[in-house]
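The values are calculated or read from the model by the stated rules, or taken from the named source; none is laboratory data. These numbers come from a predicted model, not from an experiment. Backbone-built Cβ (ideal geometry, glycine too); neighbour counts: all protein chains shown. Ligands, DNA and RNA are stripped out before the accessible areas are found, and what is left, the full protein with its side chains, is counted by its heavy atoms. Shrake-Rupley method; radii C 1.70, N 1.55, O 1.52, S 1.80 Å.
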Amino acid sequence: TEAGAATGSGVGTKGDTKTLNLYQENGNYYLSDVTHTGTIETYDAKNSTSRYSIVYDTDTSFTSTAQRAAVDAHYYADQVYDYYKNVHNRDSYDNQGAPIYSIVHYSRNYNNAFWNGESMVYGDGDGVTFSPLSGANDVIAHELTHAVTEKTAGLVYENQPGALNESFSDVFGYFVDPDFLMGEDVYTPNRSGDALRSMSNPETYGQPAHMNNYKNLPNTSAGDWGGVHTNSGIPNKAFYNTVTKLGKAKSEKIYYRALAYYLTPNATFADAKAALVRSATDLYGSTDASTVSNAWNQVGVY
Ligand SMILES: CCC(=O)Oc1c(C)cccc1C(=O)O
Ligand SMILES: [Ca+2]
Ligand SMILES: [Zn+2]
């Protein structure tokens with residue numbers, strides 16, 4: 001038969017069955033989703049950090065244990081692509097239909113996920129701190145939003161702009177997975193009810209929720225570039241204050257507008273407040289804008 005799009009199914013990291021968009025050629029079925037402008041493709045690093053090969057099978061069902069992380073990465077990449085297209089009319093992270101690449105089984109016992117400038121990369125976790133990191137849609141949304149941020153505001157990954165970079169990734173993680181926990185589905189598989197971060201109560205996981213507790217860490221790798229994963233608790237709490245008042249529909253338009261039109265690479269928390277207040281004014285007027293302003297006042301950003 002002619003090569004082209006096919007539909008299949010796979011078993012994810014939680015043992016659940018998911019429908020998959022595939023590409024069929026010469027009797028092989030690839031994790032290559034050709035239903036959008038750019039393809040969405042999923043690769044396997046096989047515990048290496050430099051050699052990847054596209055995941056494929058000789059039939060349309062991806063049910064092996066080794067394929068589970070790839071099934072989730074592929075399915076959730078499509079879900080996050082659809083979120084940005086359907087809600088914000090943004091065609092992939094560059095708004096020009098860039099292909100989206102995911103790499104799973106990166107390294108060994110790797111408790112990390114990251115955007116490497118062209119692909120989302122997921123470790124398998126060590127089974128204690130994390131289970132395979134592609135198993136949570138808020139993680140995929142977080143990573144792909146790093147790519148959106150890079151193509152829009154370009155928030156520099158250090159100090160306050162870096163903490164904003166992190167926060168915007170968590171915020172769009174909320175919009176795709178609307179609960180205030182981040183990474184809860186892959187964090188500590190042997191303990192329930194906890195998470196990597198909490199946006200409603202950042203302090204639960206050691207993050208500040210107010211400027212009075214801003215942590216001045218060194219702008220080094222060891223200092224997490226001025227504590228970008230620590231100080232993001234403050235803008236995350238401001239987001240929590242905003243979305244609990246304005247709701248998801250208004251908040252996602254305000255946050256996307258600020259990210260795509262107003263924020264600049266060296267934005268401080270005060271700049272982010274101003275950008276969000278301006279976006280709220282543009283879209284919904286002064287009452288909602290003052291709600292946003294108060295949300296930031298409450299975390300000590302005046
Ligand atoms: C919610 C996703 C997330 O935070 O991924 C990271 C992990 C698990 C470790 C180190 C960095 C990141 C990141 O993407 O910032
Ligand atoms: Ca979540
Ligand atoms: Zn991040």
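Return the only residue of 5, 66, 73, 45 being farther than 25 Å from residue 147 by Cβ and in contact with a strand residue (DSSP E or B) (Cβ under 8 Å, 6 or more places away or on another chain). Steps first, answer last, please.
Working: 5 fails: farther than 25 Å from residue 147 by Cβ; 73 fails: farther than 25 Å from residue 147 by Cβ; 45 fails: farther than 25 Å from residue 147 by Cβ.
It is 66.
Considering region 83-106 alone, what residues qualify as being within 16 Å of ligand 1 (Cβ to nearest atom), assigned to a loop (DSSP other than H, G, I, E, B) and closer than 21 Å to residue 157 by Cβ?
Residues satisfying the conditions are 93, 106.
For region 22-64, which positions are assigned to a loop (DSSP other than H, G, I, E, B), modelled with pLDDT of 95 or more and either open to solvent by less than 20 Å² (accessible area, probe 1.4 Å) or not assigned by TED's automatic domain parsing to the domain that holds residue 114 (or both)?
31, 45, 48, 55
In region 230-247, which residues are under 18 Å from the mean Cα position of the chain (by Cα), more than 16 Å from ligand 2 (Cβ to nearest atom) and surrounded by fewer than 24 Cβ atoms within 10 Å (Cβ to Cβ)?
230
Here is a list of conditions, (1) surrounded by fewer than 24 Cβ atoms within 10 Å (Cβ to Cβ); (2) closer than 23 Å to residue 242 by Cβ; (3) over 17 Å from the mean Cα position of the chain (by Cα), and residue 202 meets all of them except one; can you say which number that is?
Residue 202 satisfies every listed condition except (1).
Kindly list, by first and then second residue, each pair from a residue in region 135-160 that is within 18 Å of residue 18 (Cβ to Cβ) to a residue that is of a type in the set (Val, Ile, Thr) and open to solvent by 30 Å² or more (accessible area, probe 1.4 Å), limited to pairs with Cβ atoms under 7 Å and residues at least 6 apart or on different chains.
Taking only residues 6 or more apart or on different chains, the pairs are 135/13.
Taking residue 124 as the residue in question, decide whether it is away from ligand 3 (no atom under 16 Å from the Cβ), among the acidic types (Asp, Glu) and over 20 Å from residue 33 (Cα atoms).
Details: away from ligand 3 (no atom under 16 Å from the Cβ): yes; among the acidic types (Asp, Glu): yes; over 20 Å from residue 33 (Cα atoms): yes.
So residue 124 passes the test.
Between residues in region 192-214 that are outside any loop (DSSP other than H, G, I, E, B) and residues that are basic (Lys, Arg), which pairs lie under 6 Å by C-beta distance while being six or more apart or on different chains?
Taking only residues 6 or more apart or on different chains, the pairs are 202/237; 205/197.
For residues in region 288-302 being under 13 Å from residue 254 (Cα atoms) and among the hydrophobic types (A, V, I, L, M, F, W, C), which is nearest to the chain's Cα centre (by Cα)?
Result: 292.
Assigned to a strand (DSSP E or B), out of contact with any Pro (no Cβ under 8 Å at 6 or more places or on another chain) and of a type in the set (Gly, Ala, Ser): does that describe residue 8? Please lay out each step first, then the result.
Details: assigned to a strand (DSSP E or B): yes; out of contact with any Pro (no Cβ under 8 Å at 6 or more places or on another chain): yes; of a type in the set (Gly, Ala, Ser): yes.
Yes.
Just the residues that are open to solvent by less than 30 Å² (accessible area, probe 1.4 Å), of a type outside the set (S, T, N, Q) and under 16 Å from residue 77 (Cβ atoms), please, taken from region 116-129.
Scanning region 116-129 gives 120, 121, 122.
In region 253-302, which residues are outside any helix (DSSP H, G or I) and surrounded by fewer than 19 Cβ atoms within 10 Å (Cβ to Cβ)?
Taking region 253-302 first, the residues outside any helix (DSSP H, G or I) are 263-268, 285, 298-302.
If the condition is that a residue be outside any helix (DSSP H, G or I) and surrounded by fewer than 19 Cβ atoms within 10 Å (Cβ to Cβ), then 264, 265, 266, 268, 285, 298, 300, 302 are the ones that fit.
Report the residue count in region 67-104 for those that are under 16 Å from residue 120 (Cβ atoms) and open to solvent by 40 Å² or more (accessible area, probe 1.4 Å). Even if it seems obvious, please write down each step before you answer.
Our first condition is that a residue be under 16 Å from residue 120 (Cβ atoms); within region 67-104, this holds for 69-84, 92-94, 98-104.
Next cut, open to solvent by 40 Å² or more (accessible area, probe 1.4 Å) only: 75, 79, 82, 99, 101.
The total comes to 5.
Please enumerate the residues belonging to region 117-153 that are within 11 Å of ligand 1 (Cβ to nearest atom), in a loop (DSSP other than H, G, I, E, B) and not hydrophobic (A, V, I, L, M, F, W, C).
The answer is 123, 125, 129.
Kindly check whether there is at least one residue in region 206-218 that is within 17 Å of the chain's Cα centre (by Cα) and surrounded by fewer than 24 Cβ atoms within 10 Å (Cβ to Cβ).
Quick first cut of region 206-218, residues within 17 Å of the chain's Cα centre (by Cα) only: none.
Scanning region 206-218 turns up no residue that is within 17 Å of the chain's Cα centre (by Cα) and surrounded by fewer than 24 Cβ atoms within 10 Å (Cβ to Cβ).
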